[in-house]
Amino acid sequence: MPQWSRHSLRFLIEPLFGLPRFTYLVAILYIALASIYAIVTPVFEKPDENWHFAFVMHVVEKGELPYQSLPTRNHYAEQQGSQPPLYYLTLAGLLKAANQDELMTGFLRLNVRNAQFGQHTSLWPDNENVFVHGRCANECAKTERAVYIGRGLSILLGLIALLAAAWTIQLIFPDHPALLLIFVGSIAFNPQFLHISSSVSNDPMTFATVNLAFLSGFWWLKHPTSYRRVAALGMMVGLAALSKPSGLSAGVIAGFLLLWAGMLTWQTRFKQLLLFGSIVFVVAGWWYINNLVQYGELTGVERHIEITGVRAPEASFEQIKTEWRGVGDSYWASFGWGNLNIRSSIPYDAARILQAVLAILFVITVFARWRGWNIEQRWLIVLSLVQFILVGALLARWMRMTVAPLGRLMYPAMIPISLMIALGWLNVMPQRLRGVISLGVTSLWAVVPIVLAVTLIPDAYRPTQKMMNSEPGPIEMTFIEMGQEKAVIHDLVWSEDQNWIYLQAYWEPKAEFTFDYQIFVHVLDAQGNIISQRDTHPGLGYHPTTLWKAGQGFSDIVVIPKPMGQTFVSFAIGLYRAHDGMFERLSVTSPIFEIRDNAVQIPLEQVRRGIPPIDTK
């Protein structure tokens, strides 16, 4: 056994329930970090979370699986209604047990799309929220609680995935604590894994069941004549197949083992394969037969693609190769709906270089140590490569059919990927210092998700702070909803830089708004023509008017693209509500400025000029 250089570190590798103690410390840190990621990201601001939750809600309220009719459906799950149902049935059962039903009213309130999402291209965190997070009480708050119950279930499933992966490595490499520490750290402290494992999604169920199937396969390999272990393997593969179509990859790994591993007669293999296949069929076969009857296909993937949008023509090999870079980047860090990324390319470039180096070191390690490894260790290496290639091929095929360069879709191969990383690291560590170095590397790794959780993610979902000096004075304009004064502006200040115009207003709410309104700012030339404009919810998307509190004044800024080569002389601003295909402007009065069609006309010479802001939020 490699020596850990300090007595205090030896305590960490002492076994507890079959795993070194440090594994449970990593697991506890995972739970804490995943909980933080669940809290700092608002409801439905994780990939497809609203559609995954809608699947669960349909089961809770209708007592049936969604039917994927075309062109319209009687549910809100969209393409996710084609997914295998294990996660959704599990969460629906939890919500029923917790009396969390009648969720539709709250869902509709939380599912209001932000029309300005993705419309802004500056470096500012601007309208990064896919949904408008306005006032949420009563039925809305009940639905929000149900979403957090779902996130809690996913965190638990992520923990199961982590521990199943750890037990797999401990089972096959029992005397390599440094290897295990780096292995579990690369999973538990992966920011993207934390982001997905704290979302309402069938992905965490897939991670858990695939890893349990991996563990069950190598547990069987320890005693290949055991029919009880074959039955456990069949159960895990069946559950994986009932989690997501990519979970079927676990069946390929199990098939390799049952066909070729272990010293068994062909009669025994046949009996074990028959038992294995029967259990997989009983657990998951009904769902695939149901797809065949309803949609004429086993997996439901074709119907899924029809709803989400077919890529026409299919992507070429060159396109897939170009987009694969996004797969690698988003394997580690891509938040929100994939729109929140680290602004600098340096961390991603460094990660790509490190992965390439570790992959090379992994290959060197395999060639150098192959003869010294036992048959079980060799099987783990071979099947890890098979799983990695298989999942990668499935993702490449998926990317040909639809735009989906998503790193999380490689997570069914997290055991192979993390094993490659850990063996690569081990190759450059001196034998006597492996304990200390592996602890140091893992500790530094744990810092990354903490930094991102307290900087990048919260910044995207909080209202803007004051950017330029505010000098509230007399009322400059008053906005009126249903005959009642709701908000006034006391101060306006503007500035510009090479690419952007900044208009800041000091708002003083007088009473709570009934609806969420958007701000519009038009930039006008001398003839009154609109030469640039910007529409946004207040707070650059994250301080809707229904959240405004009477007497709680605040400064808000709107960032407008600067019209190049044109001279602007005035602004026109106002509030409007988009509903039922109409755009209804809110009434406004002003003792200073002219009003045209409920838009306040503001000449530049009547607005104080400030210094362009340099901070974002």
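Once the whole set of protein chains is in place, how much accessible area is left on residue 605, using a 1.4 Å probe, in Å² to the nearest 10?
The accessible area comes out at roughly 150 Å².
Mind jotting down the three principal axis lengths of the chain based on Cα atoms? Whole angstrom, largest first.
93, 58, 47
Give the calculated FRET efficiency between residue 590 and residue 514 to the nearest 0.05, with a Förster radius of 25 Å applied to their Cβ-Cβ distance.
For R0 = 25 Å, the calculated efficiency reads 0.65.
Between residue 386 and residue 310, how high is the FRET efficiency from 1/(1 + (r/R0)^6) when r is the Cβ-Cβ distance and R₀ = 35 Å? Nearest 0.05. Mind showing how you got there, number by number?
Values: r = 30 Å, r/R0 = 0.85.
Calculated value: 0.75.
If you fit an axis through the alpha-carbon atoms of helix 346-369 and take the longest principal axis of the Cα set of the chain, what angle between them do you get, 0 to 90°, nearest 10?
The answer is roughly 0 degrees.
From the convex hull of the Cα coordinates of region 211-363, what is the mean projected area in square nanometres?
13.0
How do 597, 349 rank by accessible surface area computed with a 1.4 Å probe, from largest to smallest?
597, 349
Can you pull the Kirkwood radius for region 442-551, inverse mean 1/r over Cα pairs, to one decimal in Å?
On the way: mean 1/r = 0.0601 Å⁻¹.
Roughly 16.6 Å, rounded to one decimal.
Given the DSSP H assignment, sum -39500 (n - 2.57) over each helix run of at least 4 residues in the chain and divide by its residue total; what's the result at 222 nm in deg cm²/dmol, nearest 500?
It comes out at -16000 deg cm²/dmol, rounded to the nearest 500.
What do you get for the angle between helix 375-401 and the principal long axis of the chain? Use alpha-carbon atoms, 0 to 90 degrees, nearest ten.
Around 40 degrees separate the two axes.
Work out, step by step, the length gained on full extension between residue 294 and residue 609: first 0.36 nm times the residue separation, then minus their alpha carbon distance; give nm to one decimal.
Extending this stretch completely gives an extra 107.0 nm.
Given a 1.4 Å probe and every protein chain left where it sits, what share in percent of the accessible area of region 360-489 is carbon and sulfur?
The computed percentage sits at 67.
Given 0.36 nm per residue, what is the gain on full extension from residue 97 to residue 346 after removing their alpha carbon distance, in nm?
84.9 nm
Using only the C-alpha atoms of region 331-467, find the volume of their convex hull and express it per residue in Å³.
On the way: hull volume 19.7 nm³, N = 137.
Roughly 144 Å³ of hull volume per residue.
Please work out how much length the chain gains when fully extended from residue 459 to residue 402, using 0.36 nm per residue of separation minus the C-alpha to C-alpha distance, in nm with one decimal.
17.5 nm
Return the carbon/sulfur percentage of the accessible area of region 245-342, one whole number, probe 1.4 Å, all protein chains in place. Please report the intermediate quantities before stating the final value.
Working: 3470 of 5140 Å².
It is 67 percent, rounded to a whole number.
For helix 86-97, report the angle its Cα long axis makes with the longest principal axis of the Cα atoms of the chain; keep it between 0 and 90° and round to the nearest 10°.
So the helix axis and the longest Cα principal axis differ by about 70 degrees.
How large is the accessible surface per residue of the chain, computed with a 1.4 Å probe and reported in Å² as a whole number?
43
The values are calculated or read from the model by the stated rules, or taken from the named source; none is laboratory data. Computed from a prediction, not measured in an experiment: that's the story for all the values here. Note: ideal-geometry Cβ built from the backbone for every residue, glycine included; neighbour counts use all protein chains shown. Surface accessibility is based on the protein's heavy atoms, side chains included, excluding ligands, DNA and RNA. Shrake-Rupley method; radii C 1.70, N 1.55, O 1.52, S 1.80 Å.
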